[in-house]
Amino acid sequence: MPQSTHDRAAELHNLAAHAHAAAATAHGKGDHLTAHELSKQAHEHSMNAHKLAEELGTKAASSSKAKGGMPELRADLNPPH
């Protein structure tokens, strides 16, 4: 089943966070080469997530203009408190 763009952006943000944490651990252990590589991966994931988020924003804005109002929020983004 194909992933939604929202889900893919969220996954990329999570991958970036994990890579940042792993880089910090490697750095703390003195493995600076691995830390640098993991930081590069984290940056790449972050940039890809940002790109997807911008695309979603552009689509939402154009959809909003076409409908004449604000885009609807997904129900799963507003969990009950």
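Structure data summary
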item: Residues of region 8-43 classified as of a type outside the set (D, E, K, R) and farther than 28 Å from E55 by Cβ, total; result: 11
item: L12, sole failed condition from (1) crowded, with 17+ Cβ neighbours inside 10 Å; (2) at pLDDT 95 or above; result: (2)
item: E55 vs. criteria modelled with pLDDT under 95 and part of a helix (DSSP H, G or I); result: yes
item: Flag for G30 being surrounded by fewer than 15 Cβ atoms within 10 Å (Cβ to Cβ), assigned to a loop (DSSP other than H, G, I, E, B) and at pLDDT 95 or above; result: yes
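The values are calculated or read from the model by the stated rules, or taken from the named source; none is laboratory data. Computed from a prediction, not measured in an experiment: that's the story for all the values here. Cβ: placed from backbone, ideal geometry, glycine included. Neighbour counts: every protein chain shown.
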